[in-house]
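Notes for the one structure printed next.
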Amino acid sequence: MRWLQTLLEWAAGLLLFVLLLVGFLQVVSRYTGLLFLPWTEEAARLLFVWVVWVGATAALFRGSHIRFDFVVEGLPSSVRRSVEIAVHVGVGVFLIVVIWYGYEVAQSQAASTFLTFDLSVKYTYLSAVVGSALMLVGLVAGIRTRLRQPAVDPGGRP
């Protein structure tokens, strides 16, 4: 799964760079009057949403999301492991709900297009579906890894 994490990090970086370029073009076109680029605002919005979802997915693969370790650290190793897996399963259920309803919303917007360029608005909503699906893949991989590890208590003893 390391290759997928690397791919997601590069994709998020590339999308962020393109977003930076589009934002720069937007500022130049608005304040200099040298260019007329009406599509930059909507393109920036679309890119931003995709950067957020791809970046959040890369953070999940890396294990960089905020969590309250101090709550779990005081628990015995067998309970701690069960709590971690239960939290992962709960997040997985939430991601499945986001995938399900995100797809329904995306399909309901299939006929709508952006005002300044001919692209369906559904691609904005599909970012949530794709991001959540990739997060689910990372979550399942994390659960499998945790189940394969031997239970170790805080003192380092199995």
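The values are calculated or read from the model by the stated rules, or taken from the named source; none is laboratory data. For clarity, every value in this text was computed on a predicted model and none was experimentally measured. With ideal geometry, Cβ positions are generated from the backbone for all residues, glycine too; neighbour counts draw on all protein chains shown.
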*Is it the case that the stretch 22-32 has a residue that's exposed (fewer than 15 other Cβ atoms within 10 Å of the Cβ), within 30 Å of M135 (Cα to Cα) and at pLDDT 90 or above?*
no
*When you go through (1) over 29 Å from T6 (Cα atoms); (2) exposed (fewer than 11 other Cβ atoms within 10 Å of the Cβ) one by one for V105, which number turns out not to apply?*
(2)
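With the requirement that a residue be farther than 11 Å from V129 by Cα and of a type outside the set (V, I, T), what does the stretch 103-117 give you? Outline the logic, then answer.
Of all residues in the stretch 103-117, those farther than 11 Å from V129 by Cα come to 107-117.
Q107, S108, Q109, A110, A111, S112, F114, L115, F117, listed by residue number.
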*Run L15 past the list (1) surrounded by fewer than 17 Cβ atoms within 10 Å (Cβ to Cβ); (2) free of Cβ contacts under 8 Å to residues at least 60 places away in the same chain; (3) on the phi < 0 side of the Ramachandran plot and report the number of the one that doesn't hold.*
(1)
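So, in the stretch 22-49, how many residues would count as being in a helix (DSSP H, G or I) and within 23 Å of L126 (Cα to Cα)? Before you say what the answer is, go through the steps one by one.
Step one: of the stretch 22-49, the residues in a helix (DSSP H, G or I) are 22-32, 40-49.
Remaining after also requiring within 23 Å of L126 (Cα to Cα): 22-23, 40-49.
Qualifying residue count for the region: 12.
Of the residues that sit in the stretch 80-132 and are of a type in the set (D, E, K, R) and part of a helix (DSSP H, G or I), which one is nearest to P38 (Cα to Cα)? Can you show your working first?
Taking the stretch 80-132 first, the residues of a type in the set (D, E, K, R) are 80-81, 84, 104, 118, 122.
Among the residues that remain, those that are also part of a helix (DSSP H, G or I) are: 80-81, 84, 104, 122.
Details: R80: 53, R81: 53, E84: 48, E104: 29, K122: 20 Å.
Result: K122.
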*Within the stretch 122-135, is even one residue farther than 28 Å from L147 by Cβ, surrounded by fewer than 18 Cβ atoms within 10 Å (Cβ to Cβ) and modelled with pLDDT under 95?*
yes
_Scan the stretch 80-93 and tell me whether some residue there is modelled with pLDDT under 90, surrounded by fewer than 11 Cβ atoms within 10 Å (Cβ to Cβ) and more than 14 Å from R146 (Cβ to Cβ)._
no
_Inter-residue pairs, beta-carbon under 9 Å, first under 23 Å from R2 (Cβ atoms) and part of a helix (DSSP H, G or I) and in the stretch 61-79, second at pLDDT below 85 and of a type in the set (A, V, I, L, M, F, W, C), 6+ apart_ = F61/M1
*Test P76 against the criterion of being out of contact with any helix residue (DSSP H, G or I) (no Cβ under 9 Å at 6 or more places or on another chain), modelled with pLDDT under 90 and either within 30 Å of L19 (Cβ to Cβ) or not basic (K, R) (or both), and give yes or no.*
yes
*Out of the stretch 1-12, which residues are surrounded by 12 or more Cβ atoms within 10 Å (Cβ to Cβ) and at pLDDT 90 or above?*
L4, Q5, T6, L7, L8, E9, W10, A11, A12
